[in-house]
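The values are calculated or read from the model by the stated rules, or taken from the named source; none is laboratory data. Please read all numbers here as calculations on a predicted model, not as lab measurements. For neighbour counting, all protein chains shown are included, and Cβ atoms are generated from backbone atoms with ideal geometry for every residue, glycine included. The protein model used for the area step is the full one, side chains on, heavy atoms only, and it has no ligands, DNA or RNA in it. Shrake-Rupley method; radii C 1.70, N 1.55, O 1.52, S 1.80 Å.
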Amino acid sequence: MTMRWAVSALFFVNGLLVGSWAPKIPVLMERLGITEASAGVIVLGLGLGSICVMPLFGAMVARAGSARAVRLAAWLAAPSMIWISLAPSYWAVAATVVLFGGMVGGMDVAMNANAVAWNARAAGRSCRPVTGSGALGHSRGPPRAAG
C-alpha cells in the first residue's frame, strides 16, 4: 500500500468514526433518559477531550513520529465507539465521549502529520485527495450507526 493510500485510509476511518458517533445521541437520550441540555454537555465533552489530548499527541508525533501516535489513537477510538453504546449511565457515556473525542483529536493530529509528510514526498502534489477521504468517511458513517 502506498503512503498516499494509507493516509487516505486514515482520513476515511477518522471520518467514519466521527460520522458514526453523532447518530448514537438520540438512542442514548432515549435509553438513559438524557435531556437535551445533558446531551449538549456530552457533545461539549467531545470537543473538550479533543482540545485536551491534541497537544499530547502533537508532542508524541514530534518525539516518536506519527505512526505510533496514529496507531494508539485508532486502537483506542474504535473500541470507545462500542463503549459509548454500552455505557450504563449518563456519567459513563460522558466519560467515554471525552475519551473518544481525545482519541479522534489525537488521530487528527497524527494523520495530518502523515499527510504533510506525504505532501513533502509527493513533490508538492495537493493533499486534497487524501484529506477528502475524511469527508467520504463522514458521509458513510451515519446510515450505519443510526440502527
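Tell me the accessible surface of residue 2 in square angstrom (1.4 angstrom probe, heavy atoms of protein chains only), to the nearest ten.
Near enough 80 Å² of accessible area.
Sort 79-89, 107-117 by packing, meaning the average of other beta carbons within 10 Å per residue, with the highest value first.
Packing order, densest peptide first, comes out as 107-117, 79-89.
Would you please give the FRET efficiency between residue 5 and residue 27, computed as 1/(1 + (r/R0)^6) with r the Cβ-Cβ distance and R0 = 25 Å, to the nearest 0.05?
Calculated value: 0.15.
Against the empirical 2.2 N^0.38 Å scaling, what ratio does the C-alpha Rg of region 46-114 come to?
1.10
Please report the Cα spread of region 12-61 along all three principal axes, rounded to whole Å, starting with the longest.
Between the extreme Cα coordinates on each principal axis of region 12-61 lie 40, 23, 12 Å.
Along region 72-81, what does the Karplus equation 6.51 cos²θ - 1.76 cosθ + 1.60 (θ = phi - 60°) give for ³J(HN,Hα), rounded to whole Hz, x for Gly and Pro?
Here the 3J(HN,Hα) series is 4, 5, 5, 5, 8, 5, 4, x, 5, 4 Hz.
By how many nm would the segment from residue 48 to residue 72 lengthen if fully extended, with 0.36 nm per residue of separation less the alpha-carbon distance?
6.7 nm
Quick one: Kirkwood hydrodynamic radius for region 1-84, alpha-carbon pairs, angstrom, one decimal?
In region 1-84 this quantity evaluates to 14.6 Å.
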